[in-house]
Amino acid sequence: AGGTVQVYRAGADLPTRARCPHMRTNKHISALEQGLERERLARIGAERLADQTIHDLYARQCDIQLLRSVAFAANEGRSLEDVMRAALAAVCHFGAWPAGHVFFVDAQGDLVDSDIWHEDGGRFPDLRERTGVIRFTRGVGLPGQVLEQGILVWIQDVTQLRDFPRAPTVEELGLLAA
């Protein structure tokens, strides 16, 4: 199992061959290197899994905190408007959104302005004004799409949509995602 090395003895003219049990052959070294590489890759995989698990856990904690905030608002609110305002503030905080708005469905099934907004520092009066005069029917604009589909819709760049009545306003304000 050991390798052969050349050993020089004091006073000898020629080297003497001797067996050294601690020396490994190239075959053994290669096997050890392969084993180390497998262990390194396994460690990297375990670290990635741990990182993803921590990320997922943090995301779940944030989701739970949002649900708690909305539930608290629903229990403490004196009116539907109070509840919606508090829930909207929680959602905007959760999503790090500078603005958010609540629509109500009227008797005809259209979305109408509720005048419930969340804005960082009142930076969007033009958006509020433009939104206040638009009725969104089912399927029209982003709010109408949400109403029609009954699911969350996320648009990365609303200025690229063909059916976005407030596109000029949001583009002027530098808002893209909705």
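Put the Cα centre of the range 31-61 next to the Cα centre of the range 83-147 and the gap is 43 Å. Of the peptides 34-44, 72-82, the order by per-residue mean of other Cβ atoms within 10 Å, starting with the highest, comes out as 72-82, 34-44. Across the protein chains, with a 1.4 Å probe defining accessible surface, the residues 62, 92 rank 62, 92 from largest area downward.
The values are calculated or read from the model by the stated rules, or taken from the named source; none is laboratory data. These numbers come from a predicted model, not from an experiment. We place every Cβ from the backbone using ideal geometry, glycine too, and count neighbours over all the protein chains shown. Surface accessibility is based on the protein's heavy atoms, side chains included, excluding ligands, DNA and RNA. Shrake-Rupley method; radii C 1.70, N 1.55, O 1.52, S 1.80 Å.
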